[in-house]
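The values are calculated or read from the model by the stated rules, or taken from the named source; none is laboratory data. This one's a predicted model, so the numbers in the text were calculated from it and none came from an experiment. As a convention, Cβ positions derive from the backbone with ideal geometry for all residues, glycine included, and neighbour counts pool all protein chains shown.
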Amino acid sequence: MKKYLMMICLGLLVLLAACGNDDDENKVSEDGAKVIDVTTPPTSKNLSWQEVDGEILGYEPGVLRAVDEKLEDYEFNIQAVADSAQETGLKTGKYQLNVGGFYPTPEREEQYLVPENATGRSLIKMYVRPDSGIETLEDLEGKKITPFTAGGGTIQVVIDWMEENPEYDLKLEESSGDIPYAQRIKEIDSGKYDAFIGPANLGQMDVIEAMDLDVVETEPIFVGETIMLIYDSEENQKLLEEVDQALAELREEGTLSEISEEYYGEDIYDYQLTEEEE
Amino acid sequence: MNFLILFEDFVQLLAVVPQTLLLAITIFILSILIGTVMALIQEYNVPVLKLIVVIVKLLLRGTPLIVLIFLMYYSLPDTVTFLSGLVGLDYNGTNIPPAIILIVAVSFTVASFQAETIRGSFLSINKGQIEAAQSLGYTPYQMFKKIIAPQALVEAIPEFSSSFLIVMKAISLGFMITVVDIFAEARLIATDNSYYVEAFFAAALMYWAISAITVTLSSKYEEYLHSRM
């Protein structure tokens, strides 16, 4: 009996060792294109999510696939990876390209290569109870706002707004973002918080309808562009140029609008970008 | 690796060390108290309570901590509101600070492991000593205080020090419900300057320093206890 167990253990070890190896080898696909690792978030439904069977769907993966089709020299190996692991992996060169509704920031542009053309647009809306009277950020003074994801773009938008409007004192809290959006919306309904601020198009309206919650969405408080982040290296300059070119073409051909219709049910390019104050 | 940023991050992290330690020590002490009660109930075969302890321990030890924090976050406020309503108090449970929720969740989880450690150290005591004490007419309380506790403590010290380190790391899950500890602060710093590797490495250095101190102190204390035996 003991012998068998030993053999099974040894077999498993060999198998594990073998699995670990093939990571480094298949870097070139059959038609000679370079295979690169690209990542997208696993749990942001409609923007980017992973199905139970492992399939990765959403607007941003949709754009990735469309870009991949245009690139001849590269082939994308799309993986669903959670947020800080995404940025850490890109910083160290484990991943070559990330999407995930990232906003352009000076820090990101300094550390990564960023295509000039955007991946998509992000609309930030507020989710409130219909009788709350909250319509704009000004109305949030003295209200309880659900905690923001640390490092997310949403809190940055609110902080920027507060810097421009110092007469309004909003109380902001940060958390790891592990509490799902759907749960946050329920906390508005239950009265635990007064407002949830976040990127629209994460399927909030589906949740509100499905659970019959007493929550409404406001007009966007911010419309911004989202960008791709590329690992900063000499050889990725070519990738940057080609991706940039592909994004420009996709936008012109209307493919990006089609992908938006498919996942968001509306064309995000219909909204006017929020003016950046210099 | 940018060493200047690493150094700056490390200095910035120092600011949250006191609150992280305070949380960890509170949870650690509570977990030992709760764990001791659980172990005593099992050792003294208290009817009904023993069954409850066995079931609760099984559930707690099998539940991932992140799931438990999530469940507590949603059920504790309502439970407290309900309970305070029963005794005629009008307390709104939604005002419970998230740190309290974290303390409750982690204390009970760790306590269910501590209970086993404590039980094990009780069992390590020579049966002959207990029989001797009984024949001398010791009450159960006297026996616990004079004979069981001092010896069991020596056995349990190494386990306790590793469980303290487990608590230190476990509370980083509290950031889910806005509690900021060393790791959460590292994330906030990284968010600010986008230097994730440096911030996480600085956090790791901080944890190593705390572990080194904890291990040193506990082995000193263990030696001291041995020298008195």
So residue B:6, is it touching a residue at least 40 places away in the same chain (Cβ under 8 Å), out of contact with any Gly (no Cβ under 9 Å at 6 or more places or on another chain), within 14 Å of another protein chain (Cβ to nearest Cβ) and over 25 Å from residue B:209 (Cα atoms)
no
Tell me yes or no: at least one residue of the range B:203-214 is within 14 Å of chain A (Cβ to nearest Cβ) and in a helix (DSSP H, G or I).
yes
Close pairs (8 angstrom Cβ cut-off, 6 or more residues apart or separate chains): more than 10 Å from chain A (Cβ to nearest Cβ) in the range B:77-99, surrounded by fewer than 10 Cβ atoms within 10 Å (Cβ to Cβ) anywhere:
B:84/B:90
Just to check your reading of the model, which residue among A:206, A:169, A:214, A:178 is under 21 Å from residue A:47 (Cα atoms) and part of a loop (DSSP other than H, G, I, E, B)?
A:178
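Within the range B:89-99, is even one residue under 15 Å from residue B:35 (Cβ atoms), outside any loop (DSSP other than H, G, I, E, B) and under 24 Å from the mean Cα position of the chain (by Cα)? Spell out the reasoning first.
Step one: of the range B:89-99, the residues under 15 Å from residue B:35 (Cβ atoms) are none.
There is no residue in the range B:89-99 that is under 15 Å from residue B:35 (Cβ atoms), outside any loop (DSSP other than H, G, I, E, B) and under 24 Å from the mean Cα position of the chain (by Cα).
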Name the residues in the range A:39-48 that are touching a strand residue (DSSP E or B) at 6+ places or on another chain (Cβ under 6 Å) and either within 13 Å of chain B (Cβ to nearest Cβ) or in a loop (DSSP other than H, G, I, E, B) (or both), would you?
A:41, A:42, A:47
Taking residue B:140 and the conditions (1) within 12 Å of chain A (Cβ to nearest Cβ); (2) surrounded by fewer than 15 Cβ atoms within 10 Å (Cβ to Cβ), which numbered condition does it fall short on, given that it satisfies the others?
(1)
All conditions in (1) within 14 Å of another protein chain (Cβ to nearest Cβ); (2) touching a Ser or Thr at 6+ places or on another chain (Cβ under 6 Å); (3) of a type outside the set (S, T, N, Q) are true of residue B:180 except (2)
Unmet requirement for residue B:104, which otherwise passes all of (1) surrounded by 12 or more Cβ atoms within 10 Å (Cβ to Cβ); (2) within 14 Å of another protein chain (Cβ to nearest Cβ)
(2)
From the option list A:114, A:128, A:157, single residue qualifying as closer than 26 Å to residue B:71 by Cα, touching a residue at least 60 places away in the same chain (Cβ under 8 Å) and hydrophobic (A, V, I, L, M, F, W, C) is A:128
Over the range A:49-102, the set of residues under 30 Å from residue B:201 (Cβ atoms), out of contact with any strand residue (DSSP E or B) (no Cβ under 8 Å at 6 or more places or on another chain) and not in a helix (DSSP H, G or I) is A:93
Taking the range B:49-80 and keeping only residues that are hydrophobic (A, V, I, L, M, F, W, C) and within 19 Å of residue B:116 (Cα to Cα), one is left with B:49, B:51, B:52, B:53, B:54, B:55, B:56, B:58, B:59, B:60, B:65
Only one residue in A:250, A:229, A:256 is buried (at least 18 other Cβ atoms within 10 Å of the Cβ) and either at pLDDT below 90 or farther than 23 Å from residue A:42 by Cα (or both), so which one is that?
A:250
If you go through the range A:92-111 one residue at a time, how many are within 9 Å of another protein chain (Cβ to nearest Cβ) and in contact (Cβ under 8 Å) with a residue 24 or more places away in the chain?
3
